[in-house]
Amino acid sequence: MTEYASLTYNGKTYELPVITGSEGEKAVDISKLRTVSGLITMDYGFSSTGSCLSAITFMDGEKGVLRYRGIPVEQLAEHATFKETAYLLINGRLPNRKELTDFSVQLNDLSLVHEDMREFYRSFPKNSHPMGILSSMVNALRSFYPELEAGNEEINLTMTRLLSKVRTLAAMSYKISRGHQVVYPRPNLNYCENFLNMMFDSPVRPYQIDKELAQALRVFWILHADHEQNCSTTAVRVVGSGRVNLYAAISAGIAALWGPLHGGANQAVIEMLDDIVKSGGDVQKVIARAKDRNDPFRLFGFGHRVYKTYDPRGKIIQKMADRLMEKQQTPDPLLDVAGELEIAARKDEYFIDHNLYPNVDFYSGIVLRAIGIPTNMFTVMFAIGRLPGWIAQWKESIDDPAWKITRPRQIYTGPTCTDYTPLGERL
C-alpha cells in the first residue's frame, strides 16, 4: 500500500507519494509538485534531494555503512581484486572464473593507447595539472575510438576500454611531464602492479614490484570505486542525461573531482601537513586554530559531509597507512606529523563532540605518499579508482526508462521587468 506525505499550502492539501528503498530509506516524490501546486522545493547542495533510483551503492552516514551492490566494502577490500570490484559495480554481480578471465584479457588487450595521443601531451604547458590533462585526454578518446553508438556489445567494449586506457593515460602523463620515456603495460602484471611499473620503471633503474605497495594501491582503489551520488558522480549523471557519449560524461566527472572539497582533499591533506612541518610542526597549535571560528585555517582530512560517525573507508585504509609507515626505511617528517595530528584529534573533546574523525582522505594521502605517488597525481589516483563507479552510474542512468535530462528549477531574485534605456540616456 502506497504511503503519502501531505503538504498544505494556501488552504489546499496535496498528497505526495512516499518511495521506500530496499534498505528502508524513504523519499517524498515531488516530481509533480509544481504541476499541481505551482511550488518547487529549495535545497542548496541537494543534501535532502534524491535525483535517481539506484541499485549500485548503499551508504548510511549515521551508522558508517558502505556497500557496493549489497556487499560490504570491508569484505571487498579484504578479499576482492580491483578488477572484480569494477565488474561488480558495472554488471551488478561478481564475475565467475571465466568472466573474470575474459575481463582480464580484455583489459590487457585494450591497455595501449593510440601513439598519436602522445602528441597531445606535448601540447600542454609544462606546469599543467595532471587532472586537467586527464580530463582532456579522456574526452579526446572519443575521436580515436568512436564505436560507442553501435550497440550494447560496443558499449561494453567502450566501458572496458576506458578502465584499461585511463590507467595507461595517467601513467603516461606522469612520465611525459618528467621528460622520461613512456613505459608500456606488461601482460604478466596485474592491474595495480602494471600501473606502478608504468609509473616508476626506467631504463636506468628497473622497477621492482613490491607486493605490499600493490596491495595498498588495490585497497585504495577499491575504497574509492563508488560513493553514491557525490559531486563528481552527479556531474557524470547530469552531463550524461544530455545523452552525450561516455567519454564526455567521464571527462566531466574528472573535472568535478578535481576540486579540493571533493577528490582534491587528499592532496590538500599532504599540502597542509607540509605547511605544518615548515611552520615548526606544532600539532597542538594546529588543533587550536582548527577550533577557532575566527581563524580561516581549514583542517583537511577530518569529518565528512555524509558520515556522522567514523568513515568506514577510513578504518580500512588507516591499517594500510600504519603498515606502510612502519615499512618506511627513511624517516618522513610529514608522516610523523600526520601520526601526531591523528592522535591529538582523537583525544580532543571538540573533535569528538563534533564527530570530526579522520576520514579516508587523511589516510589515503599518507598511503599514496608512502607508495611514492607525487602529490599532484593524488587526485588522478582517486579518478582511476572512481572510474568503475562513474561508468556504472552512467550505464544505470541510460538504461533507466524513467530518466530525463537534468533540468533543475530556480527561484529568481533579480530585477523585475525593466525597460531598455537608450545609450544616450544612461547616466
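The values are calculated or read from the model by the stated rules, or taken from the named source; none is laboratory data. Predicted model only: the values in this text are computed from it and were never measured. Cβ coordinates were reconstructed from backbone atoms using ideal geometry, including for glycine residues, and neighbour counts include every protein chain displayed.
Tabulated data
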read-out: Residue in the range 390-398 that is in a helix (DSSP H, G or I), within 20 Å of Leu261 (Cβ to Cβ) and outside the structural domain of Gly242 (by TED's automatic domain parsing) present; value: no
read-out: Of residues in the range 392-427 being among the basic types (Lys, Arg) and in contact (Cβ under 8 Å) with a residue 24 or more places away in the chain, the one surrounded by the most Cβ atoms within 10 Å (Cβ to Cβ); value: Lys395
read-out: Count of residues meeting criterion [assigned to a loop (DSSP other than H, G, I, E, B) and surrounded by fewer than 16 Cβ atoms within 10 Å (Cβ to Cβ)] in the range 62-74; value: 3
read-out: Arg93, sole failed condition from (1) assigned to a helix (DSSP H, G or I); (2) not assigned by TED's automatic domain parsing to the domain that holds Gly11; value: (1)
read-out: Positions within the range 172-209 being in a loop (DSSP other than H, G, I, E, B) and in contact with a Leu (Cβ under 8 Å, 6 or more places away or on another chain), in sequence order; value: Tyr184, Pro185, Tyr207, Ile209
read-out: Whichever residue in the range 26-61 is hydrophobic (A, V, I, L, M, F, W, C) and part of a loop (DSSP other than H, G, I, E, B) and, among such residues, is surrounded by the fewest Cβ atoms within 10 Å (Cβ to Cβ); value: Met42
read-out: Residue, surrounded by the most Cβ atoms within 10 Å (Cβ to Cβ), within the range 1-25, restricted to residues that are on the phi > 0 side of the Ramachandran plot and of a type in the set (Gly, Ala, Ser); value: Gly24
read-out: Matching residues, the range 347-362, being in contact (Cβ under 8 Å) with a residue 12 or more places away in the chain and not β-branched (Val, Ile, Thr); value: Asp348, Tyr350, Phe351, His354, Asn355, Leu356, Tyr357, Pro358, Asn359, Asp361, Phe362
read-out: Failed condition for Arg313, given (1) part of a helix (DSSP H, G or I); (2) of a type in the set (D, E, K, R); (3) over 20 Å from the mean Cα position of the chain (by Cα); value: (3)
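For every residue, the table says whether it meets (1) surrounded by fewer than 20 Cβ atoms within 10 Å (Cβ to Cβ); (2) not assigned by TED's automatic domain parsing to the domain that holds Asn359.
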residue	(1), (2)
Phe220	no, yes
His224	no, yes
Cys231	yes, yes
Val236	no, yes
Gly240	no, yes
Arg243	yes, yes
Tyr247	no, yes
Ile250	no, yes
Met272	no, no
